[in-house]
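The values are calculated or read from the model by the stated rules, or taken from the named source; none is laboratory data. Since the model is a prediction, treat every value here as computed from it, not as a measurement. Because the Cβ atoms are built from the backbone with ideal geometry, glycine has one as well, and the counts that use them run over all protein chains shown.
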Amino acid sequence: MYVQNIVSQTPPRTRAPAALARTCEGVGGGSLGIYTDNSAIVVPQGFQPLREKFKLLHNVRKILPAERVSKCFYNRVSKEEGVEVFLNRLRNKANYGNLMRCANPWACPVCASIISEGRKNEVKQAMDWWKQQGGSVLMLTLTAPHYSSTDINSLKPAMLKARKHMLKGVRATKDLFKHYAIEHYISVFEVTYGENGFHPHFHILLFTRYHISNPRESVMRLQLYEQWVNACAKAGIDEPSYKHGLDLQDGSYADKYVSKWGLEHEITKGHIKKGKKDSKTPFDLLRDYAETGNEQSAKLFRVYYYAFKGTRQLNWSQGLKKLSRTNEQTDQELVDQTDNVAELMFRLDIELWHPIRKAGKQGELLQLVQDDHTLRRAMVFVQQCLLDEGRRRQDVNT
Ligand SMILES: [Zn+2]
């Protein structure tokens, strides 16, 4: 059968050690043709993060067609080779090889999830190092007033300016940090969207030698607030209120905050923070567009993307990485990391890959490889995508 000739035979090349390498069932014998059952693919019920992330990426492609993200997990790195599908059996994790990855933490739900996971480990390592020495980590949150009419393209650089004043520029802050033995920090830049427009904010992990009980009610919070008000004034931002402009929380919040990284790309915010329905993450906007076709959400995602593109999400204070022996990898290094014990299960030539990517079903295929290691279901699925694409083309031509 036509299909049989396109799927590569089990390749001799594998990333697995020889002992782990095995012949790929369902493909090695060119057995795709056996599975001529074209009935609907039964997908297990329940939430499937893989499918969700790739579905969102499929929609980013529609919103930002000219950006590099639109080629992510879509175009091949080497046009001479097919798309590879690997499986790590121990972790039951399937992944692609020979596909371009954009490494864009702001726009790509698939890359952002991998990057967050990597950053989470780096930040945890630094926090653990600090705690082992008897220190504690507080979480400082800085926000500024904004309205539905505020232009994010002006507010965002002003916020960065204010943070610079707050953390680096002012003698008073330096004295304050010294007073509270704050020796390091990690600052994270985030943005959500609510009824008052875009809400850029910083979560700053403060590494202090002291253990401060109930920091929310502390004098320290008041002193930090005074500095933040000054920093905002210097950056031309309206005065933040004491209630909303600054929060200071203890270590348990810092731990909880970091442990949730990566989840926002997979689960709607409603699952994480109940009762905050008016506050959406950019990926919530994307999800809204994917599910309802809401053009306004697509427009907001575009505005957000161009405002934040190229901005650093994380900033570490000088010396912290070296002291905590944290080797920071670049975003591209994180997404390009290969799994050394994953086996190459099969390879798809462009004729078979195209219908899958065109339909945005890259996540479904990986999920099926994970669900059924015999690859029977994956092969039926590949064939189904090809048939669907053929039908679609026929419809277009008639
Ligand atoms: Zn990407």
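Here is a yes/no grid of residues against (1) among the small types (Gly, Ala, Ser); (2) touching a residue at least 12 places away in the same chain (Cβ under 8 Å); (3) in contact with a strand residue (DSSP E or B) (Cβ under 8 Å, 6 or more places away or on another chain):
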position	(1), (2), (3)
Ile212	no, yes, yes
Ala233	yes, no, no
Gly236	yes, yes, no
Tyr242	no, yes, no
Taking the options Leu248, Leu205, Leu167, name whichever one is under 23 Å from Trp106 (Cβ atoms) and at pLDDT 95 or above.
-> Leu205
Residue set Val137, Val123; condition part of a helix (DSSP H, G or I) and not assigned by TED's automatic domain parsing to the domain that holds Lys62; output residue Val123
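Could you count how many residues in region 192-214 are touching a Lys or Arg at 6+ places or on another chain (Cβ under 9 Å) and over 25 Å from Thr326 (Cβ atoms)?
Adding up the residues that qualify gives 5.
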Taking Ala103, is it within 16 Å of the ligand (Cβ to nearest atom) and on the phi > 0 side of the Ramachandran plot?
-> yes
Given the structure, is Lys93 surrounded by 15 or more Cβ atoms within 10 Å (Cβ to Cβ), away from the ligand (no atom under 16 Å from the Cβ) and not assigned by TED's automatic domain parsing to the domain that holds Tyr242?
-> yes
Among (1) touching a strand residue (DSSP E or B) at 6+ places or on another chain (Cβ under 6 Å); (2) within 20 Å of Ala144 (Cα to Cα) - the single one Thr208 does not satisfy = (2)
Meets criteria (farther than 30 Å from Pro240 by Cα and in a strand (DSSP E or B)) for Glu84 = yes
Filter pass, Lys62 being within 14 Å of the ligand (Cβ to nearest atom) and either among the β-branched types (Val, Ile, Thr) or touching a residue at least 12 places away in the same chain (Cβ under 8 Å) (or both) = no
Output for region 106-120, where each listed residue is touching a Pro at 6+ places or on another chain (Cβ under 9 Å), in a helix (DSSP H, G or I) and either within 12 Å of the ligand (Cβ to nearest atom) or under 11 Å from Cys72 (Cβ atoms) (or both) | Cys111, Ala112, Ser113, Ile115
Any chance region 124-138 includes a residue that's in contact with a strand residue (DSSP E or B) (Cβ under 6 Å, 6 or more places away or on another chain), away from the ligand (no atom under 16 Å from the Cβ) and farther than 30 Å from Asp250 by Cα?
-> no
So which helices (runs of 4 or more DSSP H) stay within region 319-398 end to end and still have 2 or more residues that are acidic (Asp, Glu), under 26 Å from Ala107 (Cβ atoms) and out of contact with any Gly (no Cβ under 7 Å at 6 or more places or on another chain)?
-> 331-336
Examine region 69-78 for a residue that is loosely packed, with under 15 Cβ neighbours inside 10 Å, more than 16 Å from the ligand (Cβ to nearest atom) and modelled with pLDDT of 95 or more, and state whether such a residue exists.
-> yes
From the list Ser324, Ser317, which one is in the same structural domain as Ile152 (by TED's automatic domain parsing) and touching a helix residue (DSSP H, G or I) at 6+ places or on another chain (Cβ under 6 Å)?
-> Ser324
Can you work out which of the residues in region 275-317 that are among the acidic types (Asp, Glu) and not in a loop (DSSP other than H, G, I, E, B) is surrounded by the fewest Cβ atoms within 10 Å (Cβ to Cβ)?
-> Glu295
Assess whether Asp371 counts as being within 22 Å of Glu81 (Cβ to Cβ) and under 27 Å from the mean Cα position of the chain (by Cα).
-> no
Is it the case that some residue within region 147-156 is without any contact (Cβ under 8 Å) to a residue 60 or more places away in the chain, away from the ligand (no atom under 16 Å from the Cβ), farther than 25 Å from Thr338 by Cβ and surrounded by 14 or more Cβ atoms within 10 Å (Cβ to Cβ)?
-> yes
